[in-house]
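Notes for the one structure printed next.
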Amino acid sequence: MMPASASLDLAAELPLLLPYLVLAGGGLLVLLADAFSRGARRDHLYVLTVLALLGALAAQLFVRAPAGDGLVLHGMWRVDAYARFFNFLFLGI
């Protein structure tokens, strides 16, 4: 059983993980739309992909680097200016 402080830490870390969650959710939406679309034409999938990328970009703009060391998920992930730079770089490519 998790202590109560661990759940509070996760709730405080969720805004830092928001761009990654938006991108993962958008990717899942694209996969499901592709799986359930009928016919050979799948022209609508690029629109969903672009929307997912723009949503992740907007979430990345919303998230600010934390004042501390930037470690989230008990030290498994780091959110700092260096990580933000590469997130913007990969979202722009």
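The values are calculated or read from the model by the stated rules, or taken from the named source; none is laboratory data. Quick caveat: nothing in here was measured; it's all calculated off a predicted structure. Note: accessible area is taken over every heavy atom of the protein model, side chains too, but ligands, DNA and RNA are not part of it. Shrake-Rupley method; radii C 1.70, N 1.55, O 1.52, S 1.80 Å.
Observations on the structure shown:
- In this structure, the amide hydrogen of VAL72, modeled 1.01 Å from its nitrogen in the peptide plane, lies closer than 5 angstrom to those of TRP77, ARG78, VAL79, counting only residues at least 5 positions away or on a different chain.
- Over 23 Å [Cα-Cα, the chain], rounded percent: 38
- Probe 1.4 Å - accessible area at ASP34, Å² to nearest ten: 60
- The chain, relative contact order [Cα under 8 Å, separation at least 6], %: 31
- ARG78 sits with roughly 120 Å² accessible to a 1.4 Å probe, with DNA, RNA and ligands left out of the calculation.
- Dividing the summed helix terms, -39500 (n - 2.57) for each DSSP H run of n ≥ 4, by the number of residues in the chain produces a 222 nm estimate of -23500 deg cm²/dmol to the nearest 500.
- Summary value for segment 26-79: 28 percent relative contact order, contacts being C-alpha pairs under 8 angstrom separated by 6+ residues.
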